[in-house]
Amino acid sequence: MNISLVLTKQCNLRCRYCFETHENVYMSEETALKAIDMAVSDGGNRVGVSFFGGEPLLCKPLIYRCVEYSRQFADVQFSWNMTTNGLLLDDEFLRFAVKEKIEIAMSHDGLMSRANRLYPGGKDCLAALDEKLRLLLTYRPGAFIMATATPDTAGTVFESLKHLIDLGVRRFNLAIDSRPEAGWDEESMDSLSGQLAMLGDLIFEKFSGGEDIYFNPFEEKILDITKDRPCHVCKLGMRKPYIDWDGNIYPCIQFGGVPAYRMGSVAEGVDLSLREAIYQSSLQKPTFCEDCAMKKRCVNDCACLNFQQCGDMAQVSGEQCAYQRILITRADEMARKMLETDEKHFMKRFISDTK
Ligand code: SF4
Ligand code: SF4
């Protein structure tokens, strides 16, 4: 069983696109350890734990405690990961993370951070993020970095992501501000599309020079077609329940605190019939997508994202549809160039199973 633990809703940043409430609430040790007990009692010999927030590094002692607690389950193999803004990373924690094999994904928007990643007083934190990113990369050269674009920063996506690459990042993602009020329009989407074309050219250039850059959306969209596989299988609530700071369990992050989606708690366990009902209701695909040629390569079935953006698991927002189309188009352009210039390398990377 895999679980996500929301250690707190509080954060040391106030990103402009954040959907978190920043309440001063923290998961207790008792709740966290019960959640681990629950995951272990599921019976498998593997348990995955994700530390989440708010900012999970505000709760470092609880992270240390969870890892220590897990040692008593000698027959269970634990895997750990966390999503953090990175500002509280330090040598001590990173040494611990390397020793305990805790995967760290850091959010950093590159130069877009100046506009969107702000301290509570309103000052941007780009310099601090850069410093922490350098530190993270010394311990974890392959760390995964997550960036977010907003309509007003769409025109700087290329230089922002290049900034990350120049700092040594080799694996990264780009999401769009998906709040309904974000304000995407045709102009900002066109701008984003042009920026991603430039990014595709840069990745192609690096690829031609023998460098491996993993930009998750392009890579996965290419693999969806070369491997003829569905792009995204959501399995809402079945794979990784989201355990809120108070021990209540929800199917995924966007459903946190919504009473109709509360599937149980660490004290009561999971209501399996409710979980199944939620899962079944998430299987309904957007009718809007029925005739779309891109549907196998689109995250249109992400119930969590659809619920956040449209309040309905079976509807995709116009912004997400536009973004998916851009990603698929730009990924294919990049793939075509790679295939034409270095077929052998392309086949190894995207077709061979020995990649
Ligand atoms: S770091 Fe994450 S939780 Fe904190 S303000 Fe930014 S988006 Fe919100
Ligand atoms: S690109 Fe748009 S219409 Fe096509 S499957 Fe995705 S969300 Fe649906």
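Calculate the FRET efficiency for LEU339 and ALA74 from the Cβ-Cβ distance with a Förster distance of 51 Å, rounded to the nearest 0.05. Numbers along the way, then the final one.
On the way: r = 49 Å, r/R0 = 0.95.
Between LEU339 and ALA74 the formula returns 0.55.
DSSP beta bridges confined to segment 53-164 are antiparallel in about 10 percent of cases. Extending 7 Å from Cα along the Cβ direction at THR287 and again at GLU100 yields two label points whose distance is 4.9 nm.
Under 13 Å from a label point set 7 Å out along the Cα-to-Cβ vector of ASP90, the amide N atoms of segment 46-71 belong to 58-61.
How large is the helix-only mean residue ellipticity at 222 nm for the chain, computed as the sum of -39500 (n - 2.57) over DSSP H runs with n ≥ 4, divided by its residue count, in deg cm²/dmol to the nearest 500?
Values: 12 runs with 146 residues, N = 355.
Theoretical 222 nm ellipticity from helices: -13000 deg cm²/dmol.
Using R0 = 45 Å, the C-beta based FRET efficiency linking GLU30 and ARG179 works out to 0.85. Between the beta carbons of LYS235 and LYS123, assuming R0 = 51 Å, the FRET efficiency works out to 0.80 to the nearest 0.05. Between the residues SER41, PRO251, HIS108, the greatest Cα displacement towards the positive end of the dipole of the chain, with unit charges on the Cβ of Lys, Arg, Asp and Glu, is found for SER41. Here the contact order of the chain, divided by its residue count and restricted to Cα pairs under 8 Å and six or more residues apart, works out to 16 percent. Our estimate of slack between ARG325 and ALA115, defined as 0.36 nm per intervening residue step minus the Cα-Cα distance, is 73.0 nm. Normalising the average separation of contacting C-alpha pairs (under 8 angstrom, six or more residues apart) by the number of residues puts the relative contact order of segment 248-336 at 21 percent. Neighbour counts of other Cβ atoms within 10 Å put HIS22, HIS345, HIS163 in the fewest-to-most order HIS345, HIS22, HIS163.
Of LYS132/LYS206; LYS132/LYS296; LYS99/LYS240; LYS295/LYS348; LYS9/LYS132, which pairs sit farther than 31 Å apart, going by alpha carbon to alpha carbon? The partial results should precede the final answer.
Details: LYS132/LYS206 25 Å; LYS132/LYS296 37 Å; LYS99/LYS240 24 Å; LYS295/LYS348 26 Å; LYS9/LYS132 22 Å.
Over 31 Å Cα-Cα: LYS132/LYS296.
Once fully extended, how much extra length lies between SER273 and ALA197, figured as 0.36 nm per residue of separation less the alpha-carbon to alpha-carbon distance? Show your work: numbers first, answer last.
Values: separation 76, 0.36 × 76 = 27.36 nm, distance 4.60 nm.
Between SER273 and ALA197, full extension yields 22.8 nm more.
Amide H to amide H distances under 5 Å link ALA147 with HIS108, ASN173, LEU174, ALA175, where only residues 5 or more positions off or on other chains count and H is placed in the peptide plane.
Bear in mind that the values in this text are calculations on the coordinates, not laboratory data. Note that the structure is a prediction, hence the values are computed from the model and not measured. All Cβ positions, glycine included, derive from the backbone under ideal geometry; neighbour counts span all protein chains shown.
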